[in-house]
Ligand SMILES: Cc1cc2nc3c(=O)[nH]c(=O)nc-3n(C[C@H](O)[C@H](O)[C@H](O)COP(=O)(O)OP(=O)(O)OC[C@H]3O[C@@H](n4cnc5c(N)ncnc54)[C@H](O)[C@@H]3O)c2cc1C
């Protein structure tokens, strides 16, 4: 495989981690990205390296979505539309929101979770990337007493996979960390996870790739995938008309992957789930670690001297202007849990898209009907965390190495499961 060329479309966390693992194996890699700077969801996310995270298709999630659909300030909002693609996606999503599907997903996600930590830590060590990574766990932060038991139950459900959680009372939480308000009832500590500065990770990884001889072309829009007369994918066509050729092509273009895949006759049906972040400077006491505020769905992460608040899930077509009231809901949602939010000065506001499949699982692997084409996308709320292990899976596929996870367990992320 060494010296054969792979064209990677997309320099988000998935494309870059894949490029990294391929470069380690001696593959000649070129990465193409339409952006000028790194600013996709991979940089704007909450930065929770939350191994063992549940997929979006939790039992009951579709009913909750339906209830919230008509409230555009709610954490999960679906912009009303009669688009057949959206209707089909919603119906498929609904049919996957059940316990049996979740258990299947968790087997795969948990197997990937342990490996992604190994892959991330090996990468950070050998490339000396400084991205504020700390294995400090994350907190499911609970405001209302009534929600403590359900949260603890969710945490305990991960113990068969070897993940540890710790129930912390409100008083103990405040003894450990003075950032939390007296009204907070307690927290579930997901001990094995970590927090990270996602932008510093992505930029650090891009620099490490360049040092390793990988070419990264920014400001380079791919308009279609190119096939030869036999239907094999042989590279990517750029807006300039140039074709960048390679023996293999990896499509890792986040929410834009579906459109590009369709140029090679392949469907990867996804919906864009927009999320927001706001960054605050001058919050008097930053929390020691990050987490998610259970009742308001706001994620928080201390990043240097700043606090990032992130969240909301808005299913709406790409390109619509973002909504002020949804951005503001992050600050309002955080005030109930953390001291001093009102004192914070806003330094950054951002919105971007999570690529979401209808069964809640990513799509990783070779496309059987189009030899030479590989896909890695659809990581929804887990792409930062699953990026490093996705890179290893992709590299093993492309280089013909055995996978470290059983193929039967990987079946729930393989492209073959998708409807034709
Ligand atoms: C608010 C928010 C909070 C989140 N929090 C977390 C978290 O705490 N933990 C976690 O694990 N995950 C989190 N996520 C999810 C995570 O950010 C995504 O799953 C992940 O970033 C997806 O990575 P990606 O590389 O697939 O896509 P992207 O980051 O979208 O990258 C795709 C890249 O492809 C490029 N591209 C697209 N089309 C073309 C084209 N035609 N030509 C060339 N280039 C192209 C784009 O410019 C982009 O750089 C969060 C997401 C959001 C929005």
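Points worth noting:
- Net lengthening on full extension, residue 156/residue 408 (0.36 nm per residue, minus Cα-Cα): 88.2 nm
- Angle in degrees between helix 383-399 and the longest Cα principal axis of the chain, rounded to the nearest 10: 20
- Diffusion of segment 138-180 by Stokes-Einstein, at 25 °C in a medium of 0.890 mPa s and with Rh set to the Kirkwood radius over alpha-carbon pairs, works out to 216 µm²/s.
- Length-normalised contact order for segment 194-242 - Cα pairs under 8 Å, 6+ apart - percent: 24
- Cα-Cα separations in segment 161-285 greater than 24 Å, expressed as whole percent: 59
- Length, then width, then depth: along the principal axes, the Cα atoms of segment 228-311 run 63, 26, 20 Å.
- Computed E for residue 66/residue 128 - FRET, C-beta separation, R0 35 angstrom, nearest 0.05: 0.15
- The order of 406, 28, going from fewest to most other C-beta atoms within 10 Å of their C-beta, is 406, 28.
- Length-normalised contact order of segment 5-417 in % [C-alpha pairs under 8 Å, at least 6 apart]: 26
- Each principal axis of the Cα atoms in segment 224-366 has its own extent, and those three values, largest first, are 63, 28, 28 angstrom.
- Alpha-carbon spread of segment 78-125, three principal axes, descending order, Å: 49, 26, 13
- Look at 83, 62 and count the other Cβ atoms within 10 Å of each Cβ; fewest to most, that gives 83, 62.
- Just so you know, the averaged projected area of the alpha carbon convex hull for segment 322-420 sits at 9.7 nm².
- Contact order normalised by residue count of segment 223-363, Cα under 8 Å, 6+ apart, percent: 26
- Ordered by the number of other Cβ atoms lying within 10 Å of each residue's own Cβ, fewest first, 39, 247 fall into the sequence 39, 247.
- Within segment 126-233, the ratio Rg/Rh, alpha carbon atoms throughout and Rh by Kirkwood, equals 1.23.
- For the options 272, 59, 198, a Gaussian network treatment of the chain with springs between C-alpha atoms closer than 10 Å singles out 59 as fluctuating the most.
- With respect to the chain, whose longest principal axis is taken over its alpha-carbon atoms, helix 13-24 is tilted by about 50°.
- The angle between the Cα long axis of helix 99-127 and the main principal axis of the chain comes to about 80°, on a 0 to 90 degree scale.
- Mean projected area of the Cα convex hull of segment 84-161, taken over all directions, amounts to 8.6 nm².
- Normalised Debye scattering of segment 276-347 at q = 0.17 Å⁻¹ gives log10 I(q)/I(0) of -0.59, counting only Cα atoms as equal scatterers and leaving out solvent.
- Most mobile listed residue (32, 309, 90) in the chain, GNM with C-alpha springs under 10 Å: 90
- Gain upon complete extension [residue 295, residue 325; 0.36 nm per residue less C-alpha separation]: 9.0 nm
- Taking every alpha-carbon pair within segment 1-147, the share separated by more than 21 Å comes to 65 percent.
- Angstrom value of the Kirkwood radius, inverse mean 1/r, which spans all Cα pairs in the chain: 21.7
- DSSP beta bridges fully contained in the chain are about 70 percent antiparallel.
- Build a GNM of the chain with springs between Cα atoms under 10 Å apart, and of 340, 194, 60 the one that fluctuates most is 60.
Readers should treat all values here as calculations from the given coordinates under stated rules, not as data from a laboratory. Not measured: the values here are computed from a predicted model. So basically every Cβ, Gly included, is an ideal-geometry build from the backbone, and we count neighbours across all protein chains shown.
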